Ligand code: SDX
């Protein structure tokens with residue numbers, strides 16, 4: 001295999017090194033392109049063909065529907081691991097032994113109280129505020145109460161910021177829900193597991209003992225693992241580029257939360273349930289919505305379908321679909337929305353529009369069915385996605401800083417007006 005790529009422009013030939021990853025992916029290193037060609041750049045809207053970095057965290061193969069975190073398959077991790085150990089794996093590169101995991105959890109527990117003044121910021125929001133906007137604001141605001149979290153020039157300082165946000169973020173998630181529900185803000189307990197503590201904070205009531213349901217704990221733990229990282233997706237790329245200016249970890253994460261909010265990205269899990277509820281209200285007429293999704297004049301899209309990278313089944317969607325059946329069955333819940341979703345999937349996978357474009361269900365298509373069954377409100381679904389993605393964002397931000405990557409600053413091709421003289425307003 002050639003080690004070089006050659007490019008011929010205006011009769012001149014240029015050579016660029018070819019880089020090969022550990023899973024045999026190939027990339028053309030064009031870092032010398034502009035200098036060697038006297039100013040020529042590449043153009044790739046949406047970065048569909050452009051790698052932003054070399055990363056050792058997550059590998060995915062969209063054609064084969066493969067997803068690995070640090071070399072471990074998503075299927076094995078979802079089946080055998082717990083969320084906190086997957087978080088440790090993503091961030092530090094290896095599965096922790098018991099001592100490492102216990103210390104990691106203890107360090108997080110010691111950081112799981114949020115400054116009381118943060119409640120004043122939360123108070124300023126209307127109950128109707130979308131939880132993602134609240135969460136992004138509170139996450140950014142944490143910097144004001146933890147100013148040392150910005151200066152992470154040492155791995156020790158970075159570790160302190162990491163356990164701080166892993167301890168405080170679940171509190172912000174819980175407070176975001178409880179603000180929306182008009183419930184008192186609370187804490188869980190350091191005697192609980194990480195995911196158990198999240199559930200206790202989210203759902204405990206001031207006047208009764210909260211009883212954890214192991215089915216619910218396991219379901220949420222699995223969902224958080226499945227959302228934990230996904231290489232250079234939109235929100236992760238946002239976290240990396242924000243952090244590349246040496247902005248602090250918390251504000252870089254807040255920028256990722258904002259990017260994730262969009263319905264084309266993490267916001268799709270909310271949009272899927274709203275779509276399925278609309279279809280249910282409309283008499284379950286899936287064919288009408290399939291036609292809308294295929295109509296170029298209609299802005300409607302089949303939410304939860306399609307993916308920039310997966311041109312085969314999203315392996316997470318397969319796991320979530322199976323888990324949805326089991327969890328609803330274990331909880332004794334009959335949800336017609338799940339049947340509508342399965343009907344849509346069946347129709348789409350038999351329809352040439354979707355088959356030709358390789359549009360399959362993605363991670364967001366079935367996840368909302370489980371969130372509903374766990375009693376999570378629809379506009380909190382993307383907040384749960386953010387909770388799952390937190391360790392992935394942290395891992396990617398840490399890798400970018402440890403690799404001392406340069407500040408992210410893409411170029412452009414200018415297509416505006418060329419130079420022209422100023423005309424005084426009287427003469428315009
Ligand atoms: C996530 O990148 C990641 O890894 C993201 C994520 C993660 O874990 O971080 O996996 C999480 O964001 C999953 C995706 C959630 N979004 C949705 O479910 C929203 C619906 N899907 C789409 O809008 C779309 O599929 C995207 C945004 C996911 C991908 O868009 P692309 O790669 O830019 O593809 P495209 O818009 O160019 O679509 C290609 C063709 C077009 O038709 P043609 O112009 O070729 O005729 O497929 C069509 C599109 O119109 N198409 C759809 C469709 N998705 C694509 N048509 C109908 N319904 C859809 N859902």
Requested in this report: Those residues that are within 16 Å of the ligand (Cβ to nearest atom) and either in contact with a helix residue (DSSP H, G or I) (Cβ under 7 Å, 6 or more places away or on another chain) or without any contact (Cβ under 8 Å) to a residue 40 or more places away in the chain (or both), I need them from region 32-52; list them, please.
Outcome: 44, 45, 49, 50, 52
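Looking at residue 268, is it touching a residue at least 60 places away in the same chain (Cβ under 8 Å) and away from the ligand (no atom under 16 Å from the Cβ)?
So residue 268 fails the test.
Here's the yes/no breakdown for (1) farther than 24 Å from residue 352 by Cα; (2) in contact with a strand residue (DSSP E or B) (Cβ under 7 Å, 6 or more places away or on another chain); (3) in the same structural domain as residue 235 (by the TED database); (4) touching a residue at least 12 places away in the same chain (Cβ under 8 Å):
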{"position": "253", "(1), (2), (3), (4)": "yes, no, yes, yes"}
{"position": "281", "(1), (2), (3), (4)": "yes, no, no, no"}
{"position": "289", "(1), (2), (3), (4)": "no, no, no, yes"}
{"position": "292", "(1), (2), (3), (4)": "no, no, no, no"}
{"position": "295", "(1), (2), (3), (4)": "no, no, no, no"}
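Look at residue 250 and say whether it is touching a helix residue (DSSP H, G or I) at 6+ places or on another chain (Cβ under 6 Å) and more than 16 Å from the ligand (Cβ to nearest atom).
Working: touching a helix residue (DSSP H, G or I) at 6+ places or on another chain (Cβ under 6 Å): yes; more than 16 Å from the ligand (Cβ to nearest atom): yes.
Yes, satisfied.
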Query raised in the report: Within region 272-294, is even one residue within 11 Å of the ligand (Cβ to nearest atom), more than 20 Å from the chain's Cα centre (by Cα) and either assigned to a loop (DSSP other than H, G, I, E, B) or surrounded by fewer than 13 Cβ atoms within 10 Å (Cβ to Cβ) (or both)?
Result: no
Requested in this report: Within region 378-393, identify whether any single residue is surrounded by fewer than 20 Cβ atoms within 10 Å (Cβ to Cβ) and within 22 Å of the chain's Cα centre (by Cα), and answer yes or no.
Outcome: yes
**Report entry** Qualifying helices (runs of 4 or more DSSP H) (wholly inside region 300-397; at least 2 residues being free of Cβ contacts under 8 Å to residues at least 24 places away in the same chain and within 12 Å of the ligand (Cβ to nearest atom))
**Finding:** 352-356
Query raised in the report: Of the numbered conditions (1) in the same structural domain as residue 141 (by the TED database); (2) surrounded by 16 or more Cβ atoms within 10 Å (Cβ to Cβ); (3) under 30 Å from residue 398 (Cα atoms); (4) more than 11 Å from the ligand (Cβ to nearest atom), residue 216 satisfies every one except a single condition; which is it?
Result: (3)
Query raised in the report: Quick one: which of 192, 185 is in contact (Cβ under 8 Å) with a residue 40 or more places away in the chain and not in a helix (DSSP H, G or I)?
Result: 185
Query raised in the report: Taking residue 242 and the conditions (1) assigned to a helix (DSSP H, G or I); (2) more than 15 Å from the ligand (Cβ to nearest atom); (3) within 25 Å of residue 376 (Cα to Cα), which numbered condition does it fall short on, given that it satisfies the others?
Result: (3)
Query raised in the report: Within region 18-103, which helices (runs of 4 or more DSSP H) (wholly inside it) include 1 or more residues that are within 20 Å of residue 230 (Cβ to Cβ) and at pLDDT 95 or above?
Result: 74-80, 83-92
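Can you tell me which of 241, 225 is over 12 Å from the mean Cα position of the chain (by Cα), buried (at least 17 other Cβ atoms within 10 Å of the Cβ), outside the structural domain of residue 345 (by the TED database) and closer than 26 Å to residue 70 by Cα?
Only one candidate qualifies: 241.
Do the conditions hold for residue 256, that is, is it within 13 Å of the ligand (Cβ to nearest atom), surrounded by 19 or more Cβ atoms within 10 Å (Cβ to Cβ) and at pLDDT 95 or above?
Here the answer is yes, as residue 256 does meet what is asked.
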**Report entry** Only listed residue being under 22 Å from residue 69 (Cα atoms), buried (at least 22 other Cβ atoms within 10 Å of the Cβ) and in contact with a helix residue (DSSP H, G or I) (Cβ under 8 Å, 6 or more places away or on another chain), chosen from 304, 266
**Finding:** 266
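The values are calculated or read from the model by the stated rules, or taken from the named source; none is laboratory data. Just so we're clear, the structure is a prediction, and the values are computed from it rather than from any experiment. Reconstructed Cβ throughout: ideal geometry from the backbone, glycine too, with neighbour counts over all protein chains shown.
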